[in-house]
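Working notes, beginning with the structure itself.
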Amino acid sequence: MYPDLSPGALLALAVAAETLSLILFGRANTLWRSPGMLAYPQRFLLLRSALVMIWVHIGVALLAPGGISGSYPVLAPKLGLLLALGMVGGLGLMLFTLSIRSMPAQLVFFGGSLHLVMAVAVGWLLGELLSPLRVGVIAVLLAAQASILWRDRGVWRGQERRVQVLPFAVGLIWGTYFPLYGLAIAEWGFWTTVLLTEWGVLLLAVAWFVRNPQGTWADKSLWRSMLEQSALSSVAQALSGAALWWGGVILHSILTNFNVLINISAFKIRFGENLSIRYLAYFALYVALAIALVFGS
């Protein structure tokens, strides 16, 4: 998974991969607003996870050096660790879907600052470089997010109390999950990590469905939306994993925090949600900081 390129070119490749990943995730996330999501979200997550397993196995069969058989490890402690990691990611996905199905998109990503702080801390503990440039970029990004969070606090307070905490829970979980995901890729290989963590997500989805089996499989919007969602998110997750592998945890966490721009734009296009001019400033900020990170590193 490491192209034979210079460090600067690898960083540029990581930025490109994560940017495309964010765009794909932006479209995929709008599909969590399908009609049945309010009534039986567990069926959506279960179907999505099952379909992702199909797409991932096809990708592994076509792209992995050892094919499917070479990407599955022998029974070892790492099997349980990767399954557990996948279940943590699945928990983040479950909470994310519960928030995005009804909350305004701008609020769903309130937890981005917490995600950034957690991911940078984990990346630093793993020995990654935290240069003055990166510290400056992180400070600018956190300041921008704090400003937006403060301006939108009234909308957040207007939500049900039980869902107000969801964006921050997602930020905490994914701020820990993605750095560990990158560590797992470095330790056990890209394709093995992708396969086993997705099995973990599926196990959690099955458990949630068994506990809450209401709903019906006859909902056509369920199948239509999750077929598209699973395909888009499978490719996006693979690109995000590649960006982690090529650029490292800290760079990935910085880039990922611009998902607020991509997702709010996607929800504006799809559902006509409000897109304030202050969010458009994120685009210029993203381009400027990405260029600074690539050429300044």
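The values are calculated or read from the model by the stated rules, or taken from the named source; none is laboratory data. Because the structure is predicted, anything quoted here is derived from the model rather than measured. Here the Cβ positions follow ideal geometry from the backbone for every residue, glycine too, while neighbour counts run over all protein chains shown.
Do we find a residue being buried (at least 16 other Cβ atoms within 10 Å of the Cβ), among the β-branched types (V, I, T), modelled with pLDDT of 85 or more and within 17 Å of the chain's Cα centre (by Cα) anywhere in region 55-76? Scanning region 55-76, I find at least one residue that is buried (at least 16 other Cβ atoms within 10 Å of the Cβ), among the β-branched types (V, I, T), modelled with pLDDT of 85 or more and within 17 Å of the chain's Cα centre (by Cα), so the answer is yes.
For L130, the test of being touching a helix residue (DSSP H, G or I) at 6+ places or on another chain (Cβ under 9 Å), within 11 Å of V249 (Cβ to Cβ), at pLDDT below 80 and surrounded by fewer than 20 Cβ atoms within 10 Å (Cβ to Cβ) is passed.
Determine which member of the set S34, S21, S49 is closer than 24 Å to T256 by Cα, polar (S, T, N, Q) and more than 14 Å from the chain's Cα centre (by Cα).
Within the list S34, S21, S49, the selection yields S49.
Of all residue pairs spaced 6 or more apart or on separate chains, those with beta-carbon atoms under 6 Å, a first member in region 135-159 that is more than 14 Å from L251 (Cα to Cα) and a second member that is part of a helix (DSSP H, G or I) and among the hydrophobic types (A, V, I, L, M, F, W, C) are L149/F110; W156/L107. Determine whether region 169-185 contains at least one residue that is in a helix (DSSP H, G or I), aromatic (F, W, Y), surrounded by fewer than 16 Cβ atoms within 10 Å (Cβ to Cβ) and out of contact with any Ser or Thr (no Cβ under 7 Å at 6 or more places or on another chain). No, region 169-185 has no match at all.
Residues in region 108-127 that are surrounded by 16 or more Cβ atoms within 10 Å (Cβ to Cβ), small (G, A, S) and at pLDDT 75 or above: 3 in all. Restricting attention to region 25-44, the residues being in a helix (DSSP H, G or I) and surrounded by fewer than 19 Cβ atoms within 10 Å (Cβ to Cβ) number 5.
Residues that are within 25 Å of S102 (Cβ to Cβ) and either in contact with a Pro (Cβ under 6 Å, 6 or more places away or on another chain) or modelled with pLDDT under 75 (or both) occur at least once in region 282-295. The sole residue among L79, L98 that is surrounded by fewer than 19 Cβ atoms within 10 Å (Cβ to Cβ) and either of a type outside the set (G, A, S) or modelled with pLDDT of 75 or more (or both) is L79. Taken over region 68-80, the criterion of being part of a helix (DSSP H, G or I) and over 19 Å from Q237 (Cα atoms) is satisfied by S69, G70, P77, K78, L79, G80.
For first residues located in region 217-233 and under 17 Å from A205 (Cβ atoms), partners that are of a type in the set (S, T, Y) and lie 6+ apart or on another chain with Cβ distances below 6 Å form the pairs S225/S34.
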